[in-house]
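Novice: Starting off with a structure, shown below.
A short reminder: the numbers here are calculations on the coordinates, not readings from a lab. Predicted model, so just to flag it, every value in this text is computed and none were measured. Please note: Cβ atoms are built from the backbone with ideal geometry, for glycine as well, and neighbour counts cover all protein chains shown.
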2 protein chains.
Amino acid sequence: MASKDPPLIIRGKDEMREWSRSARAEGKTIGLVPTMGFLHGGHLSLIHESKKHADLTVVSIYVNPGQFSPNEDLSTYPSDFDGDIQKLNSVSGGVDVVFHPQNLYDYGGRRSSGGEEEEGKVVSCVEINGGMGHETWVRAERLDNGLCGNSRPVFFRGVATIVAKLFNIVEPDVAVFGKKDYQQWRIIKRMVRDLDFGINVIGADLIRDEDGLAKSSRNVHLSPQERERALSISKSLSNAKFAAENGQLNCKELRDSVIQAIQEAGGKVDYAEIVEQESLEALKEISSSSPAVFCVAAIFGNVRLLDNMEINV
Amino acid sequence: MASKDPPLIIRGKDEMREWSRSARAEGKTIGLVPTMGFLHGGHLSLIHESKKHADLTVVSIYVNPGQFSPNEDLSTYPSDFDGDIQKLNSVSGGVDVVFHPQNLYDYGGRRSSGGEEEEGKVVSCVEINGGMGHETWVRAERLDNGLCGNSRPVFFRGVATIVAKLFNIVEPDVAVFGKKDYQQWRIIKRMVRDLDFGINVIGADLIRDEDGLAKSSRNVHLSPQERERALSISKSLSNAKFAAENGQLNCKELRDSVIQAIQEAGGKVDYAEIVEQESLEALKEISSSSPAVFCVAAIFGNVRLLDNMEINV
């Protein structure tokens, strides 16, 4: 049930910025929900969060080549723009704008000399496939390390950079990120603080399907059997959280229990780390003075899945 | 002769942004001239340039620790805030705001764990002296290399980052940079393009004293004898430009002539490079298809001086 018009679809950077500036000139506040499309209930919860904090909501849909390295799944990342628009039409109160650019790294200039993968240097799909000389990157140099940063070396540099670009194009007052991507959320919050963006970053809780699997666009690639086995992630995390809240505070033992459960279900654990919530530094012991979050990345089939639970004792 | 009120002095980030947003809401455009103070005629020319392109002009005065490494001259960088205000009062038509923050890296939070220089890692004075966990840096990864990037490894990372911060605090329509710092100007232009800042970056011509020395806040540290000898930089550059415009297009020979002249005058050449104006890639031969700029950094006494001349044949 749509209670207002379908969203305006904007593809150009200048048109997007003009829309935002007109809205601001009329005294409206703007919320931004950055997505890579193939929307699910998790994204819709971010949109509801934005609507709580801003007069108008912009949803961006853009699969960012800058956060994929050449051996990752850029080419198979799922997309369904028409389906996305249908879902957005059903949002109560509506979404005001869908920003759906074609290539945010095309500056209309000549191509830089470095069009190919450089020997020994980790590069993103932007640098391989012609970013027209794009070479400016934003990095949170400590938070980048560890967790997903270990196995995806260009990922967070790419995320921080595209989010900075979107912030400068959309010029929002509020931006909403899911705590499902916990490290990403912390990096964006730090970037906004460190670079003095005049934007309020809101973290929205992770949303699960009824069986407990954390919602993700990549879940569509799981076979029914793989999905069943992947439930070991949320189940073991939930058990660890319960154990910690009942006095089992040793991180090695908590981690071992999760790793074992996932491996027994046939999954490959990329990492299972208990870290401090803000610094993301590894903890040996959970305590009331250092709020913890238990972050997991594991692979079932060919699908890399993320999950996490905050543990406050 | 001041034709309007003295500038408003603003020290807080929030107050600065509020001023800008009110001005924009009234339909005014804002020009920003970032400086490190100790103003001279070169800075005043940037201000005049800003006033041509924007309704209101903000001059920021902030010596940025993020662009100095611990072995550089942060502690002796000259400053004279009262003198600066006097000079700004004399600007025809006036300056609207002087943004003079105390510490742009103090976020009011706890200090990060890394408060000391890390072994083997090049860090800036921010990381040494407590940036309260500041860790987000902006880099133009190609343009950073070469020229000043060789001898000042944290410099351009620090410059791009502080300029991004100032852009987000002041939210200007126009920003003016001197082409005296040629590599810096190119990096900022590239950053604005690559990160989609909605800001028009204007390069203002290098300004010289009557004897030909490029104006710089650091010139105050030169003894009269050193200053006399430092004129070898502008004289030899000028000769090289004249030679190139009259058919001497071989870069090695042009560079050798400048290096020799500076060394004979007792200067130490940090670099003397002829590069393409936009990519800053070294040229072997000057041609009409690749506009060149001849960039020099040389040390007289303890003072590192920059100069450059564009050569269009």
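Novice: Between copies, how far apart are the A:Ile299 label points? List them in nm, one decimal, shortest first, with each point 7 Å from Cα toward Cβ, please?
Specialist: Spacings between copies for this position, smallest first, are 5.0 nm.
Novice: Here's a follow-up. What Kirkwood radius, in Å to one decimal, follows from the Cα pairs of region B:149-194? Please list the in-between numbers first.
Specialist: Numbers: mean 1/r = 0.0893 Å⁻¹.
Evaluated on region B:149-194, it is 11.2 Å.
Novice: What residues have an amide H closer than 5 Å to that of A:Ser60, excluding those fewer than 5 places away on the same chain, when H is modeled at 1.01 Å from N in the peptide plane?
Specialist: Residues meeting the amide H criterion: A:Val33, A:Thr35, A:Phe99.
Novice: Would you work out the Kirkwood radius for region B:222-307? I mean one over the mean of 1/r across all pairs of different Cα atoms, in Å.
Specialist: 13.1 Å
Novice: A further question follows. Partner chain Cβ atoms within 10 Å, averaged over the residues of B:271-284 - can you pull that number for me?
Specialist: That average works out to 1.
Novice: Then there's this: Could you give me the ³J(HN,Hα) list for region B:25-34, computed from phi with Karplus coefficients 6.51, -1.76, 1.60 and θ = phi - 60°, whole Hz, x at Gly and Pro?
Specialist: 4, 8, x, 8, 9, 10, x, 10, 10, x
Novice: If you plug each phi of region A:242-254 into the Karplus form 6.51 cos²θ - 1.76 cosθ + 1.60 with θ = phi - 60°, what whole-Hz ³J(HN,Hα) values come out, in order, with x for Gly and Pro?
Specialist: 4, 4, 5, 5, 10, x, 8, 10, 7, 5, 4, 5, 5
Novice: Please enumerate, by chain and number, the lysines with C-alpha under 27 Å from the C-alpha of A:Lys87, excluding those fewer than 8 residues away in the same chain.
Specialist: A:Lys4, A:Lys13, A:Lys28, A:Lys51, A:Lys52, A:Lys165, A:Lys179, A:Lys180, A:Lys215
Novice: Using +1 on the beta carbon of Lys and Arg, -1 on that of Asp and Glu, and nothing else charged, what's the dipole of the protein assembly as shown about the Cα centre, debye to 20?
Specialist: Values: 72 positive and 90 negative charges, 104 e Å.
In total the dipole reaches around 500 debye.
Novice: Further, regarding this structure: When you count, for each residue, the other Cβ atoms within 10 Å and take the mean per peptide, how do A:236-245, A:22-31, B:33-42 rank with the highest first?
Specialist: Numbers: A:236-245: 18.5, A:22-31: 15.6, B:33-42: 20.5.
Ranked by mean Cβ neighbours within 10 Å, highest first: B:33-42, A:236-245, A:22-31.
Novice: Tell me which aspartates and glutamates have Cα within less than 20 Å of A:Lys121's Cα, excluding those fewer than 8 residues away on the same chain?
Specialist: A:Lys121 reaches A:Glu72, A:Asp73, A:Glu135, A:Glu141, A:Asp144, B:Glu141, B:Asp144, B:Glu281.
Novice: Where does each of A:Phe197, A:Phe156 land when they are ranked from fewest to most other beta-carbon atoms within 10 angstrom? Working shown, then result.
Specialist: Values: A:Phe197 23, A:Phe156 26.
So the ranking, lowest neighbour count to highest, is A:Phe197, A:Phe156.
Novice: How shielded is A:288-299 by partner chains, expressed as the average number of their Cβ atoms within 10 Å of its Cβ atoms? Don't skip to the answer; put the middle values down first.
Specialist: Numbers: counts 0, 0, 0, 0, 0, 0, 0, 0, 0, 0, 0, 0.
Counting other chains' Cβ atoms within 10 Å and averaging over A:288-299 gives 0.
Novice: Need one value for B:30-42: mean number of C-beta atoms belonging to other chains within 10 Å of its residues' C-beta atoms. Mind showing how you got there, number by number?
Specialist: Values: counts 0, 0, 0, 0, 0, 0, 0, 0, 0, 0, 0, 0, 0.
Partner-chain Cβ atoms within 10 Å, mean over residues of B:30-42: 0.
Novice: Let me know the whole percent of all Cα-Cα pairs from region B:50-110 that are separated by more than 17 Å. Numbers along the way, then the final one.
Specialist: Details: 1008 of 1830 pairs.
So the portion of pairs separated by more than 17 Å is 55 percent.
Novice: Given only helices, namely DSSP H runs of n ≥ 4 each adding -39500 (n - 2.57), what is the per-residue ellipticity at 222 nm of chain B, to the nearest 500 deg cm²/dmol?
Specialist: Details: 9 runs with 108 residues, N = 313.
Result for chain B: -10500 deg cm²/dmol, rounded to the nearest 500.
Novice: Right, another one. Would you work out which of A:Ser69, B:Asn250, A:Ser92 lies farthest towards the positive end of the dipole of the protein assembly as shown? Charges go on Cβ: Lys and Arg +1, Asp and Glu -1.
Specialist: A:Ser92
Novice: Ranking B:Leu56, B:Leu254 by Cβ neighbours within 10 Å, fewest first, what do you get? Provide the component values of the computation, followed by the final result.
Specialist: Details: B:Leu56 22, B:Leu254 25.
Listing B:Leu56, B:Leu254 from fewest to most nearby Cβ atoms yields B:Leu56, B:Leu254.
Novice: Taking all pairs of distinct Cα atoms, average 1/r, flip it, and tell me the Kirkwood hydrodynamic radius of chain A in Å to one decimal place. Provide the component values of the computation, followed by the final result.
Specialist: On the way: mean 1/r = 0.0486 Å⁻¹.
Its Kirkwood hydrodynamic radius stands at 20.6 Å.
Novice: Further question: Please compute the alpha carbon radius of gyration of region A:121-238, then divide it by the globular-protein estimate 2.2 N^0.38 Å. Two decimals is fine. The partial results should precede the final answer.
Specialist: Values: Rg = 16.6 Å, N = 118, 2.2 N^0.38 = 13.5 Å.
Region A:121-238 yields a ratio of 1.23.
Novice: Let me ask another. Roughly how many whole Å is it from the C-alpha centroid of region B:54-109 to that of region A:1-39?
Specialist: So the separation of the two Cα centres works out to 36 Å.
Novice: How big is the antiparallel share of DSSP beta bridges in the protein assembly as shown, given as a percent to the nearest 5? Working shown, then result.
Specialist: On the way: 47 of 85 bridges.
If I count the DSSP bridges inside the protein assembly as shown, around 55 percent turn out antiparallel.
Novice: Next question. P(r) tail for the protein assembly as shown, what percent of Cα pairs lie past 37 Å?
Specialist: Numbers: 81353 of 195625 pairs.
Counting every Cα pair in the protein assembly as shown, those more than 37 Å apart make up 42 percent.
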